[in-house]
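Derivation of every value follows stated rules applied to the coordinates shown; laboratory data play no part. Computed from a predicted model, the values in this text were never measured in an experiment. Reconstructed Cβ throughout: ideal geometry from the backbone, glycine too, with neighbour counts over all protein chains shown.
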Amino acid sequence: MTAADPLTGIKAHLPAKPKGQTIVVGAGKGAAHMARTLESVWDGQLTGTVVTRFGYGCHVKNIDILEASHPVPDAAGMDAAKRLFEQVGGLGPDDLVIALICGGGSALLPSPPSGLTLEDEITLNEALLASGAPISAMNVVRKHLSTIKGGRLAAATKARVVSLIVSDIPGDNPAHVASGPTVPDGSTRHDALELVEQYKLSLPPRMLEHLASSAADAPRPDDPQFANNSHHIIASAGVSLEAAAEIARRQGVMPVILSDSVEGESRDVALVHAAIAREVLAKDRPFTKPVVILSGGETTVTLKNKDGRGGRNAEFALAMGLAINGHDIHVLAADTDGIDGSENNAGAFADGETVRRLRDVGLDARKLLDGNDSYSGFTAIGDLFETGPTGTNINDLRAILIQS
């Protein structure tokens, strides 16, 4: 967790103090902790507002901490979006906005365009979460159905904007984190419409009409209004994977990092990881035991059962449990923010005995997986991984240990 702590990155990228005011805005599941960290190292006056998930707030002296719903947007999030616009709206060229952005900000900042409603944003969010689309694709659609995403918050001020970003996006594109409220990108509404078709998103006609109109156009990165702005990735999956690898080396276990940007359907990604792990166990290739296989990124789940409980990491772990059944392989899959989907766990543990333990309590691992109900299974056998809010969010961590 030390490698994912935003303190180091914030200290390294503190902007120079302006002649005028310094205002802090932010959004994401780790935004409150980022605000507290910034306040602890900033030599000067700070005021502002950040929004985080319910239960993820912390005490900050001079920056207001608002809480809203995640992953389903709510009215508190709409009010928070308005507050952020109010914070930056009256500033001038001598002022500075420090934007603290991390994963979760998309849902926490609902701000529907004219003619659309909060209920439309909820519909969009639910459709995206059930679609199996990667997070980068989700955020292209979101930012063209919003008045705050896609750089629009930064476009609402004449102050210089410095964005400090904790990335939960495979590839670390800063414009995709929290759908880029302060960092525009080159995607267009036509790209968004293509993604709606590709992932068969069922959206109300009024939302499709908006995407087809010029009202959905987002600011372009080369717009002169962004010329004095800057952004910095201050924490990411890659840095944390290297830290995990170093811990393994100290324990005498060889670490192998597959990638920090793995995407795809959770259960399919699990099958690939399991195949590699079984090959290592049986034939000492492509890696020699003992080894811990590490990967990061953000997988997805295409929901077949909306009543099932469990996020992408528990689903990965359950699929791994099925694929390594009877083998001496141990797995941890977890979301670094401490919440896997909408439940209270960060992820789950699995091993070659997971299927048996589930069977011993009367549960069928295959039926649980088919019903997207991994949480219920891991709860029943006591194999949830629970951390509580971590104060950061650098997407997912998967660790697979093969010893002998």
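General remarks:
- Using the Cβ-Cβ distance between residue 363 and residue 54 with R0 set to 35 Å, the FRET efficiency works out to roughly 0.70.
- Table column - 3J(HN,Hα) (Hz), the stretch 137-148, Karplus curve with 6.51, -1.76, 1.60, x for Gly and Pro: 5, 3, 6, 5, 5, 4, 6, 9, 10, 8, 9, 10
- Full extension of the chain between residue 72 and residue 16 gives 16.5 nm of extra length, using 0.36 nm per residue less the Cα-Cα distance.
- Shape call, the stretch 6-235: gyration tensor on alpha carbons, a/c limit 1.5: prolate
- Antiparallel bridges, percent of DSSP beta bridges restricted to the chain (to nearest 5): 40 percent
- Close amide H partners of residue 64, meaning residues 5 or more places away or on another chain with modelled amide H under 5 Å apart, are 48, 49, 50.
- Database remark: amide H of residue 385 closer than 5 angstrom to the amide H of 346, 347, 348, 349 (H placed geometrically; neighbours at sequence offset of 5 or more, or on other chains; Pro and chain starts carry no H).
- For the chain, the longest principal axis of the alpha carbon atoms and the long axis of helix 266-283 meet at an angle near 40°.
- Rounded tilt (10° steps) of 237-250 against the dominant C-alpha axis of the chain: 40 degrees
- For the stretch 139-263: rounded, prolate or oblate by the Cα gyration tensor [a/c cutoff 1.5]: oblate
- Packing-based ranking, highest mean first, of 256-262, 141-147, 334-340 given that Cβ atoms within 10 Å are counted: 334-340, 141-147, 256-262
- Stretching the chain fully between residue 356 and residue 200 yields a gain of 52.4 nm (0.36 nm per residue, less the alpha carbon separation).
- A simple packing score, the average count of other Cβ atoms within 10 Å per residue, orders the peptides 91-99, 150-158, 276-284, 163-171 as 163-171, 150-158, 91-99, 276-284, with the highest score first.
- Prolate/oblate/rounded label for the stretch 237-402 (Cα gyration tensor, a/c 1.5): oblate
- Rounded to whole Hz, the Karplus (6.51, -1.76, 1.60) HN-Hα couplings of the stretch 49-58, x for glycine and proline: 8, 10, 10, 9, 5, 3, x, 10, x, 8
- DSSP bridge orientation in the stretch 237-402 - percent antiparallel, rounded to nearest 5: 75 percent
- Point-charge dipole on Cβ atoms (K/R +1, D/E -1) for the chain, about Cα centre, debye to 20: 400 debye
- Rounded to 10°, Cα long-axis angle of helix 118-131 versus longest principal axis of the chain: 30 degrees
- Placed amide H near residue 229: partners under 5 Å, 5+ positions off or other chain: 161
- Derived from the Cα gyration tensor, the three semi-axes of the equivalent ellipsoid of the chain are 37, 25, 18 Å, largest first.
- J(HN,Hα) series, the stretch 82-97, from Karplus relation 6.51 cos²θ - 1.76 cosθ + 1.60, nearest Hz, glycine and proline x: 4, 5, 5, 4, 4, 5, 9, x, x, 7, x, x, 7, 9, 10, 10
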